[in-house]
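Asker: Structure incoming, see below.
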Amino acid sequence: MRAGKIDRRLTIRRFTVVGTNPLNEDIYDWADIATVWAQQRPNRGNERFAAQQIAGSAVMTFHIRYRDVSVTDRLRYAGKEWNITDVREIGRGVVTEIDAVARQD
């Protein structure tokens, strides 16, 4: 991975305990784990017609320096939340490749 191509910032988020309520029950929410430099590669999105509405999806592949990321995590990039669909290690602990789909919220 060339350093010049890693020119985008994204935030890795994880669903975790962020505090407790007055009854001492855990409160879960998405918390920022790390903000990292990444290379983004747009993949082909798609559109489909369902329930008399057109629904599209944006698909993106990100390359970051090796980091422990799983499909249960999320990304925040370009003001959008992205669901992770696949995570692959390239090389031996060199690069993490992440496939993600933009959330429709």
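The values are calculated or read from the model by the stated rules, or taken from the named source; none is laboratory data. Just so we're clear, the structure is a prediction, and the values are computed from it rather than from any experiment. Please note: Cβ atoms are built from the backbone with ideal geometry, for glycine as well, and neighbour counts cover all protein chains shown.
Asker: Consider the range 56-87. How many of its residues are modelled with pLDDT of 90 or more and of a type in the set (A, V, I, L, M, F, W, C)?
Answerer: Here the count works out to 8.
Asker: Considering the range 56-101 alone, what residues qualify as being among the charged types (D, E, K, R), closer than 14 Å to ILE6 by Cβ and not in a loop (DSSP other than H, G, I, E, B)?
Answerer: Answer for the range 56-101, where residues must be among the charged types (D, E, K, R), closer than 14 Å to ILE6 by Cβ and not in a loop (DSSP other than H, G, I, E, B): ARG65, GLU97.
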